[in-house]
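J.: Below is the structure I would like to discuss, written out as structure tokens.
The values are calculated or read from the model by the stated rules, or taken from the named source; none is laboratory data. Everything quoted here is computed from the prediction, not taken from an experiment. A quick note on method: Cβ atoms are made from the backbone with ideal geometry, for glycine too, and the neighbour counts reach across all protein chains shown. These area figures cover heavy atoms from the full protein model, side chains too; ligands, DNA and RNA do not enter into them. Shrake-Rupley method; radii C 1.70, N 1.55, O 1.52, S 1.80 Å.
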Amino acid sequence: MDIFDRRYFVLNKALLRSTGLWPYEDRRKKLYIRTFVNLILGICVIFPQIVRIYNYFGVNMNMVLEHAAVLMYITSIYLKFLTSVYYEEKLRVVYDNIAKNWQVIKDENEINILIQYSENGRLLTIGYTMYIIAAFCSYVFLPIVPVLLDVFNPLNQTRSRFYILGGEYFIINNVEDYGKVYAFDCLAVIVTVWLISAVDSMYAASIEHCLGLFAIVKLRLQTCTRSICDGQKDECYKMIVRLIRMHKDIINFTDILESSYSSSFLILVGINVIFLSFECIIVLTRFGQAMEMMRYSMIMVGIVVHLFYISWPGQKLIDFSLGLFQDAYLNEWYTCPTRAQKLLGLMTLRCSKPCQLTAGGMYVMNFSNFAKIVKTSMSYMTVLASFR
């Protein structure tokens, strides 16, 4: 497991350990962290949002929509955490396979391919984490602008206070207790963004590792045809047997990945579609309120970026798995021994079916479906705007 202590996965490991989602962590430490996350998100954040929705229902529907959107955001992150805990053993198998591949593969060219794609996964992790942190800082800073203005440019009265999450914490004084509520909301949002960074970045890094394996199979296809040119037909057959076994292992690897994330994706995509529609309505209802429009527009952008981030690896997996069909066909397979040609024929037939990640088997994670979601949400917003 030393590969996870090297530069390619060390950040992913640190993020998963800090959220209690690293399968190899000490059981007691995981229990403490998971209890903390359950306490913060499950009780101290979700419950106050439900109470606030109940209090506003039938009185102020705009506020109901606003808190319903917050509730969906927190719930989606919390369910992402719970599904990761539930599928911990499957994810352990994924990480075991990653470590095994790094131990088994010895060829220098193949190792360089693994390094290249693992480096891509590292860059995706760093970039996504930096974006999440930047979005967090921007979102939590906007509500305290009125407080800072009261200090540096005071008026005859205190400016209205804005909350990050705005749950029902049964506060007595809106001004005196604002700092306490703001600090707690910051803590809750930190927990959510840390969970997003940990789960999503490891998912992207695992897919990049899988793409590296596909690239190795492509290299081996090219190498086996060169063996034919050198007159080593027996060696060619052995190499084809090995690459077919590797291809089968990759398919099993993607199946484990798909089953590990499928339920989470189904929940996330469903909630995000509703969440994005709610945000469109909220932005329209806040028209003319610059600060509020800015905050909720940032949330809309964040939802789109999140959907794009989880759809991108799925699209690349489809492209690479289908590309292997062409790689197998365009090689000089016709010069192979007859028994090798039969094996390549079976492999080519399997490559015609792409490896893909789905949300509960109903929604394929790719760019086409991502574009449909964004387009549909924007259509809703256009229709609603026409009634203003």
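J.: Quick check on packing: order 186-195, 32-41 by the mean number of other C-beta atoms within 10 Å, highest mean leading.
T.: Result, highest mean Cβ count within 10 Å first: 186-195, 32-41.
J.: Further question on the same structure: Over the chain, what percent of the accessible surface lies on carbon and sulfur atoms, probe 1.4 Å?
T.: Ligands and nucleic acids excluded, carbon and sulfur reach 63 percent.
J.: Can you compute 3J(HN,Hα) from phi for each residue in region 71-87, using the Karplus curve 6.51 cos²θ - 1.76 cosθ + 1.60 with θ = phi - 60°, rounded to whole Hz and x for Gly and Pro?
T.: These are the phi-based 3J(HN,Hα) values: 4, 5, 4, 5, 5, 5, 5, 5, 5, 4, 5, 5, 5, 5, 5, 5, 9 Hz.
J.: Using a Cα-Cα cut-off of under 19 Å, which aspartates and glutamates could be cross-linked to Lys316, ignoring same-chain neighbours fewer than 8 residues away?
T.: Within reach: Glu119, Asp200, Glu208, Asp249, Asp255, Glu258, Asp327.
J.: Okay, next question. At 1.4 Å probe size, put Phe253, Phe170 in order of accessible surface, largest to smallest.
T.: Phe170, Phe253
J.: Arrange the residues Lys90, Lys372, Lys80, Lys13 by how much accessible surface each exposes, largest first, with a 1.4 angstrom probe.
T.: Sorted descending by solvent-accessible area, the residues read Lys372, Lys90, Lys13, Lys80.
J.: Between Ile126 and Thr338, what FRET efficiency follows from the Cβ-Cβ distance if R0 is 56 Å, with the result rounded to 0.05?
T.: 0.70
J.: Sticking with this structure for a sec: Ranking request for peptides 2-8, 15-21: highest mean number of other beta-carbon atoms within 10 Å first, then the rest in descending order.
T.: 15-21, 2-8
J.: Near the amide H of Trp22, under 5 Å away, which other amide H atoms are found, from residues 5 or more places off or on another chain, if H is placed in the peptide plane?
T.: Amide H to amide H, under 5 Å and 5 or more residues apart or across chains, Trp22 pairs with Arg17.
J.: A further question follows. Could you tell me the accessible area of Glu108 in Å² (1.4 Å probe, neighbours in place), rounded to the nearest ten?
T.: That residue has around 130 Å² of solvent-accessible surface.
J.: With θ set to phi - 60°, apply the Karplus curve 6.51 cos²θ - 1.76 cosθ + 1.60 along region 120-132 and write out the HN-Hα couplings as whole Hz, x wherever there is a Gly or Pro.
T.: My calculation for region 120-132 gives 4, x, 5, 5, 5, 5, 5, x, 5, 4, 5, 5, 4 Hz in order.
J.: Can you list the residues, at least 5 places off or on another chain, whose amide H is less than 5 Å from the amide H of Phe9, using H built in the peptide plane?
T.: none
J.: Mean separation of Cα pairs under 8 Å and 6+ residues apart, divided by the residue count of region 3-387: what relative contact order is that in percent?
T.: 21
J.: Enumerate the amide H contacts of Cys355 below 5 Å, restricted to partners 5 or more residues apart or on another chain; note that Pro and chain-start residues carry no placed amide H.
T.: Sorted by chain and number, the residues that satisfy this are Ser321, Leu322.
J.: What list of ³J(HN,Hα) couplings, whole Hz, do you get for region 99-108 from phi and the Karplus terms 6.51, -1.76, 1.60, once you set θ to phi - 60° and write x for glycine and proline?
T.: Per-residue couplings from phi come out as 5, 5, 4, 5, 7, 7, 6, 10, 4, 4 Hz.
J.: In what order, largest first, do Asp255, Asp200, Asp96, Asp327 sit by accessible area if the probe radius is 1.4 Å?
T.: So, going from the largest accessible area down, we get Asp255, Asp96, Asp327, Asp200.
J.: Excluding ligands and nucleic acids, what accessible area in Å² is computed for Trp102 using a 1.4 Å probe, to the nearest 10?
T.: Accessible surface of Trp102 is approximately 40 Å².
J.: Two decimals, Cα atoms only, Kirkwood Rh: what is Rg/Rh over region 3-387?
T.: 1.07
J.: Something else about it: How much accessible area per residue does the chain have, counting only protein heavy atoms and a probe of 1.4 Å, in square angstrom?
T.: 49
J.: With a 1.4 Å probe and every protein chain left in place, tell me how much accessible area Lys342 has, in Å² to the nearest 10.
T.: My reading of the accessible area for Lys342 is about 140 Å².
J.: Continuing with this model, one more query. Calculate the length of the line joining the C-alpha centroid of region 18-54 to that of region 74-108, in whole Å.
T.: Spelled out, the Cα-based centre of one part sits 20 Å from the other.
J.: While we're on this one: Helix 338-351: angle to the longest alpha-carbon principal axis of the chain, degrees 0 to 90, nearest 10?
T.: The angle comes out at about 10 degrees.
J.: Suppose the chain between Lys29 and Gln326 were pulled fully straight at 0.36 nm per residue; how much longer would it get relative to their current alpha carbon spacing?
T.: Stretched out fully, the Lys29 to Gln326 stretch lengthens by 102.1 nm.
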